[in-house]
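The structure appears right after this line, and notes come after that.
What follows draws every value from the coordinates through simple rules; no lab data is involved. Since this is a predicted model, take the numbers as computed values, not measurements. Ideal geometry is used to build each Cβ from the backbone, glycine not excepted, and the neighbour counts take in all protein chains shown.
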Amino acid sequence: MSSAGKKAWSILRTNLGVILLSSGLWNLGGQLTWPFFSLYVLALGGSYVDVGIISAVGSIIQIIPTFIGGYLTDRVGRKKMVYTMSFLLAFAELLRGIAPNYSILLVAAALGAIWNGLRDPSFESIFADSTNPENRAYGYALWMVVPTLFGVLSPYIIGIFMDRYGVIVAQRWAYYTLFGLAVVASFLRYRFLEETLTAENTKQVDLRNAMHDILSDFRFTLTYLPRQLWIFLTCDLFFTFSWAICDPYFVTYATEVVQLSSTQWGMVMTLVTIINILVRVPIARASDKYGRLKFMFPAMFMWAATFLVYVYTRNFAEVLIVRGVLALSSCIGDPAWLALFADYSPHEHRGRFNAIKSVAWSITWGFGNLVGGFLYQSFSKQYPFLIGAAIQFITGFAALKLIKEPKKREE
């Protein structure tokens with residue numbers, strides 16, 4: 001084996017490599033389904049409001065499992081939670097594939113939310129534990145870029161199948177494919193991930209006193225975390241809400257108002273993936289070197305501007321350009337954004353903080369999905385994007401005043 005091959009193999013055998021490879025397989029199938037989920041709900045008899053309700057149900061149900069997951073990841077370790085819940089999440093994708101109507105998608109969303117809530121704190125913690133402050137944004141960028149390489153052509157390919165065979169038939173086969181790939185990815189996590197919670201930090205789980213321990217642990221974490229982390233989380237939640245009211249309706253606005261075909265929307269999402277691949281890693285390296293906020297602040301206002309302009313698109317080329325700029329904005333801001341959360345959160349409290357953050361996101365995202373569906377169906381298809389842009393502009397100006405670079409990045 002060449003020296004380059006040996007180096008690639010050595011990276012692949014690290015936790016970072018296992019996560020990138022397994023997430024890449026999951027993304028290969030996921031990009032067949034995620035960009036078109038709203039159309040699948042509508043094809044199975046749901047309404048625009050139902051699209052929001054399905055997303056909201058998953059977000060709300062995820063709350064309690066996330067607290068439990070945060071407790072378990074700092075007690076029993078990260079790895080076991082990650083691979084067990086990954087297997088169960090794979091079966092939620094199978095249920096979506098065989099759903100006879102949109103109401104079954106509610107059941108799949110609920111089950112997926114339970115398993116995702118139990119897994120997410122461990123998944124985020126094992127990833128953060130496997131990086132260091134000097135390369136953290138770079139690590140997050142790799143997480144965002146490398147898996148997308150696997151699915152770069154998936155939206156375009158499934159878009160062609162949807163135009164030829166219809167939404168339901170094409171999406172069923174897409175979910176079956178996703179299920180198979182997710183099972184393989186889960187096995188890789190089971191076989192090759194290494195535990196990052198040291199033995200001296202592992203605690204015995206006492207089921208009789210579990211609830212008391214959970215409340216006690218989280219109460220201590222709430223008092224221990226720095227003030228800047230709470231300020232950043234508050235700003236983050238406003239941005240999360242603005243995305244939640246719009247995100248399910250980018251595809252419906254493009255296909256119904258602008259009259260794009262499924263193939264054209266697949267091409268748009270393929271461009272988004274290519275931009276992610278080309279831009280995220282070099283921007284993340286710069287973020288590790290020059291600081292987080294130099295990249296986060298411009299991204300905030302670029303998001304707001306592209307949300308606003310999106311409602312004025314009238315053809316395929318305009319949608320392609322605006323979604324491309326939106327993807328570029330996320331490439332600039334997202335790696336630094338995620339890294340800043342890790343920079344602020346102490347290692348020994350990271351699992352519980354990730355649980356708190358995930359719960360806050362779930363509530364905000366679920367409420368935003370409901371509001372977005374109501375606005376889109378009852379008032380105007382432009383309202384979610386206009387309101388989202390306004391929230392982002394206001395929150396961006398507040399963030400300029402309130403958020404500071406950490407004096408010391410947590411390990």
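Can you compute the charge dipole magnitude of the stretch 106-172 about its Cα centre, using +1 on each Lys and Arg Cβ and -1 on each Asp and Glu Cβ, nothing else charged? Give it in debye, rounded to the nearest 20. Let's see the in-between values first.
On the way: 4 positive and 5 negative charges, 60 e Å.
In total the dipole reaches around 280 debye.
What shape does the chain have by the C-alpha gyration tensor, where a ≥ b ≥ c are the square roots of the eigenvalues, rounded means a/c under 1.5, and otherwise prolate means a/b greater than b/c and oblate the rest?
Details: a/c = 1.38, a/b = 1.27, b/c = 1.08.
Rounded is the answer for the chain, as its axis ratio a/c remains below 1.5.
Order of 353-359, 32-38, 321-327 by packing, highest average Cβ count within 10 Å first? Intermediate values should be presented prior to the final figure.
Working: 353-359: 24.6, 32-38: 22.1, 321-327: 18.7.
The peptides rank, most packed first, as 353-359, 32-38, 321-327.
So what is the calculated 222 nm ellipticity per residue for the chain, using -39500 (n - 2.57) for each DSSP H run with n of 4 or more, over all residues, to the nearest 500 deg cm²/dmol? It would help to have the intermediate numbers written out before the result.
Working: 17 runs with 320 residues, N = 411.
Using -39500 (n - 2.57) per qualifying helix, the result is -26500 deg cm²/dmol.
Using the beta-carbon distance between Ile274 and Ser380 and R0 = 35 Å, what value does 1/(1 + (r/R0)^6) give for FRET efficiency, to the nearest 0.05? Don't skip to the answer; put the middle values down first.
Details: r = 32 Å, r/R0 = 0.91.
In this case the efficiency is close to 0.65.
Quick one: how many lysine pairs does the chain have with C-alpha atoms less than 27 Å apart and a gap of 8 or more or different chains? Give me the count, please.
Close lysine pairs found across the chain: 22.
Is the shape of the stretch 93-169 best called rounded, prolate or oblate, per the rule: a/c under 1.5 gives rounded, else a/b larger than b/c gives prolate, else oblate, with a ≥ b ≥ c the square roots of the Cα gyration tensor eigenvalues? List each step's numbers first, then the result.
Details: a/c = 5.29, a/b = 1.51, b/c = 3.50.
Judged from the Cα gyration tensor, the stretch 93-169 comes out oblate (a/c at least 1.5, b/c at or above a/b).
Compute the distance in nm between two label points, each set 7 Å from the Cα along the Cα-to-Cβ direction, one at Ala390 and one at Arg191.
Roughly 5.4 nm, to one decimal.
About the Cα centre of the chain, what is the dipole size in debye to 20, counting +1 per Lys and Arg Cβ and -1 per Asp and Glu Cβ, all else neutral? Intermediate results must be reported in sequence, preceding the final value.
Values: 34 positive and 25 negative charges, 116 e Å.
Magnitude of the dipole: close to 560 debye.
Dipole of the stretch 320-388, Cα-centred, from +1 at each Lys and Arg C-beta and -1 at each Asp and Glu C-beta, to the nearest 20 debye? The partial results should precede the final answer.
Numbers: 5 positive and 3 negative charges, 36 e Å.
Result for the stretch 320-388 is approximately 180 debye, rounded to the nearest 20.
Within 10 Å, Cβ to Cβ, of Leu42, how many net charges do the neighbouring residues add up to if Lys/Arg are +1 and Asp/Glu are -1?
Working: positive: none; negative: Asp50, Glu256.
Net local charge, Leu42 excluded: -2.
With labels modelled as points extended 7 Å from the Cα through the Cβ direction, what inter-label distance (nm, one decimal) is found for Lys289 paired with Ile104?
5.3 nm
Which of Gly24, Phe179, Tyr40 sits closest to the plus end of the dipole of the chain, meaning its Cα is farthest towards the positive end, when Lys and Arg get +1 and Asp and Glu get -1 on the C-beta?
The one lying farthest along the dipole's positive direction is Gly24.
Given Met296, Thr306, Thr263, which one lies farthest toward the positive end of the charge dipole of the chain, if we put +1 on the Cβ of every Lys and Arg and -1 on the Cβ of every Asp and Glu?
Of the options given, the answer is Met296.
Sorted from fewest to most neighbouring beta carbons within 10 Å, what does the list Val145, Val169, Val51 look like?
Values: Val145 20, Val169 13, Val51 27.
With the sparsest Cβ surroundings first, the list reads Val169, Val145, Val51.
Treat each spin label as a single point 7 Å out from the Cα along the C-beta direction, and report the Lys80 to Asn315 distance in nm.
6.0 nm
Please give the length that would be gained between Thr234 and Leu153 if that part of the chain were fully extended, namely 0.36 nm times their separation in residues minus their C-alpha to C-alpha distance (nm, one decimal). Mind showing how you got there, number by number?
Values: separation 81, 0.36 × 81 = 29.16 nm, distance 3.60 nm.
Between Thr234 and Leu153, full extension yields 25.6 nm more.
Tell me the volume per residue, in Å³, of the convex hull enclosing the alpha carbons of the stretch 353-402.
Per-residue hull volume (Cα only) is 70 Å³.
Just name one of Asn354, Ile114, Ala389: the one whose Cα is farthest towards the positive end of the charge dipole of the chain (beta-carbon charges, Lys/Arg +1, Asp/Glu -1).
Result: Asn354.
Under 1.5 on a/c is rounded, so check that first for the stretch 263-397, then, if it is not, pick prolate when a/b is larger than b/c and oblate when it is not; a ≥ b ≥ c are the square roots of the alpha carbon gyration tensor eigenvalues.
In terms of gyration-tensor shape, oblate.
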